[in-house]
Amino acid sequence: MDTLSRPLPRVSVLIRSIDRPTLPRALASVREQTCEQVRTIVVAANGQALTQLAKPFPLVEVIEAAQPLT
């Protein structure tokens, strides 16, 4: 399915993370919501990779900052 034929998400959730151990709990909470079309974006605000923490959540997009965000 190409990008244009996919339904747009109804809700976008943006999580700004500074590598806290609570990120998996926050992602699990978003996943448990009743809305079916949720787009979850995690911004790694301290410049560290969060890919491993988000790995159990395949529908999550991780954006890693080149340098820490203030």
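What do you reckon, how do Ser17, Ser29 stack up by accessible area (1.4 Å probe), largest on top? Mind showing how you got there, number by number?
Values: Ser17 10, Ser29 60 Å².
In descending accessible area the options line up as Ser29, Ser17.
Would you pull out the residues with amide H under 5 Å of Val60's amide H, same chain only if 5 or more places away, H placed 1.01 Å from N?
Counting only residues 5 or more places away or on other chains, the set is empty.
Could you derive backbone 3J(HN,Hα) for the stretch 21-33 from the dihedral phi with the Karplus parameters 6.51, -1.76 and 1.60 (θ = phi - 60°), listing whole Hz in sequence and x where the residue is Gly or Pro?
The phi angles translate into x, 8, 4, x, 5, 5, 5, 5, 5, 5, 4, 7, 5 Hz.
The values are calculated or read from the model by the stated rules, or taken from the named source; none is laboratory data. Everything numeric in this text was worked out from a predicted model, so none of it was measured. For accessibility, only protein heavy atoms count, side chains too; no ligands or nucleic acids. Shrake-Rupley method; radii C 1.70, N 1.55, O 1.52, S 1.80 Å.
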